[in-house]
1. Students often forget the sequence filter, so: which aspartates and glutamates lie under 17 Å Cα-Cα from Lys372 once same-chain residues fewer than 8 apart are removed?
2. How would you rank 225-236, 539-550, highest first, on the average number of other Cβ atoms within 10 Å across their residues?
3. Give, as a single signed number, the net charge of other residues whose beta carbon lies under 13 Å from the beta carbon of Asn430, with Lys and Arg counted +1 and Asp and Glu -1.
4. Out of the GluC sites (Glu not before Pro) in the stretch 62-137, which ones are loop residues according to DSSP with at most 15 other C-beta atoms within 10 Å?
5. Report D for the chain in µm² per second (integer): Stokes-Einstein, Kirkwood Rh on Cα pairs, 20 °C, 1.002 mPa s.
6. Can you tally the net charge around Arg487? Count Lys and Arg as +1, Asp and Glu as -1, for every other residue whose Cβ sits under 12 Å from the Cβ of Arg487.
7. Which number do you get for Rg(Cα) / (2.2 N^0.38 Å) in the stretch 196-296?
8. If you place +1 on the Cβ of every Lys and Arg, -1 on the Cβ of every Asp and Glu, and leave all else neutral, what size is the dipole of the stretch 76-232 about its Cα centre, to the nearest 20 Debye?
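No lab work stands behind these numbers, since they all come straight from the coordinates. It should be emphasised that the depicted structure is a prediction, and the values quoted were computed from it without experimental measurement. Methodologically, a virtual Cβ is constructed for each residue, glycine included, from the backbone with ideal geometry; neighbour enumeration extends over all protein chains shown.
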Amino acid sequence: MRRIISLTLALFLSGTLAFAQSTPQLASTLPTIPQARGIGGHFGMVVAQERLAAQIGVGILDRGGNAVDAAVAVGFALAVTYPRAGNLGGGGFMVIHLAKGARGNEARDIAIDYRETAPEAATPTMFLDAAGNPDPAKSRDSGLSVGVPGTVAGLALAHDKYGSGRLSLAELIAPAIRLAEQGFRVQDDLADSLPAAAKKLARFPSTAGILLKNGGKPLQSGDRLIQFDLADTLQAIAARGPRAFYEGTTAKLIADAVQQAGGIMTEQDLANYRAIERPVVRGTYRGRTIVSMPPPSSGGVHLIEMLNILEGYDLRHLGRGDEALHYFIEAMKRAYADRAVFMGDPDAVKIPQAGLISKKYADSLRAEITDKATPSADIHPGKPGEHEGQNTTHHSIIDRDGNAVSNTYTLNFSYGLGLIADGTGVLLNNELDDFTAKAGASNAYGLVGFAANLPGPGKRPLSSMTPTIVLQDGKPLLITGSPGGSRIITAVLQVVTNVIDFQMPVADAVSAPRIHQQWQPEETVVEPGFAPEVLAALTARGHMIVPTRPGTSANSIEVTADGYVGAADPRTRGALAAGY
Ligand code: DON
């Protein structure tokens, strides 16, 4: 099977990510990546994209909360302090490692899927224009793009089943309510990201009244952001639990706002929403265990698929030079080709997951790799076969008992659709663009998809989010994940291999420049910082190398013999590793 795929241009708009295609001439004007600093701690560590939220997480650990409690508090806080991606109106994934003894259990790993769902009235053709072509204005820019938000249900489920039991949901939400009500100073990435989003936000008076207060201009560094409606919504959830979000006034206001923006979401869709606990996807890599997010994220499956391919090479001996990077690129191409065809909502399509993550399948893919680049057009989704069984912002947290949480959640684009549902303070996502509008079409990140990922009633769009915990001897070694659209999976791959193969301390592993290849388009994008000779050698092997701005933000924790080391990704201002 060979597929020629027509690509719509991967253009990019979203936040930390900026997958803007840049020309080689621009390379010298691209910002360089600052060096992260590793922050040590023995009792707990929180690494999150915004400092107030990270500090709230540490405060929860200090009060006896476990890593799950802290992750829930950070999740609610980021909805206030980091509105471009932190959210109540979006969705995401949480991977948890519960240490032995926590809540009386053996050690175990849990995945919570709180991905947005398509409304019941969704159809496979909902994102096409009258001529039957994909219409990005519908899937990215209108109420039709809004998925039923999952975050509130997901965080509440995590707290209820896996929190320490020592702190109530209301206690975990209280710091977020305070920040929304009393306000906080705009700084760092919030100040950096608002100007680019201003035009989008200005379309909705309900949003402009909160985020664009300087006569229609975005809030600036030093301004105070106060969000009374959001405080009320949080207060309602604190008082009455998640149903206060999914039913009653808040649900009605959200459904009304979505419909006014051209969408089809109903109050019933909100009432029907459920977060789902799923078995984690598990692999091994050089004796460590990889625990990650299963479908409807493609992240864990393809992370493991790529690691399986790379396990066949002596990366440590090769170092991070052109030969090793060549193998990375070739592994990435093959995994993303499989992603395009096989992956979707596991409750709606059959995914050959066991095949995709098997060592045998990786062996067959590795056997195709030569010392020259394989053109993307010659790579086709593989035949992983039937096997037994069926199968964007990131924070990493660990507590004193070794319970760990890796959480990635998002509104899709920076500030999502840009629409705050009037009266709720809740900024809504445009996640449904992650569906494939039509077989062979691509989403905003240039990710091609086929029938497995078409929209449908109640379906969850395929994601790339890859919250991951690497275990060594059954205990956390590395907790990582990232925003960055299509670049998430390859970012996580490189953090993991930087630590395991290239033996970098976690701060270096996070700071090191990254490459990214996603099968289509042909190009491999490279962040600033690689030696020109290495890039020239990759070009000589036949790779199309394109410089790109630094993107992604892999806030990570490593467990070392000396304690916990947190590394906030230096690519985005304001991220913080806070430990004690
Ligand atoms: O679920 C996904 O894969 C995307 N909607 C994530 C978007 C994203 O990472 C934007 N971030 N920078």
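1. Correct list for Lys372: Asp322, Glu323, Glu330, Glu522, Glu523, Glu533.
2. On the way: 225-236: 20.6, 539-550: 18.4.
Peptide ranking by packing, descending: 225-236, 539-550.
3. 0
4. Details: sites: Glu106, Glu116, Glu120; in loops: Glu106, Glu116, Glu120.
Here the sparse-neighbourhood loop sites are Glu106, Glu120.
5. Values: Rh = 23.2 Å.
Stokes-Einstein gives a translational diffusion coefficient of 92 µm²/s.
6. On the way: positive: Arg514, Arg549, Arg571; negative: Glu527.
So the surrounding residues net to +2.
7. On the way: Rg = 19.5 Å, N = 101, 2.2 N^0.38 = 12.7 Å.
Normalised Cα radius of gyration, the stretch 196-296: 1.54.
8. Numbers: 17 positive and 17 negative charges, 61 e Å.
Computed about the Cα centre, the dipole is about 300 debye.
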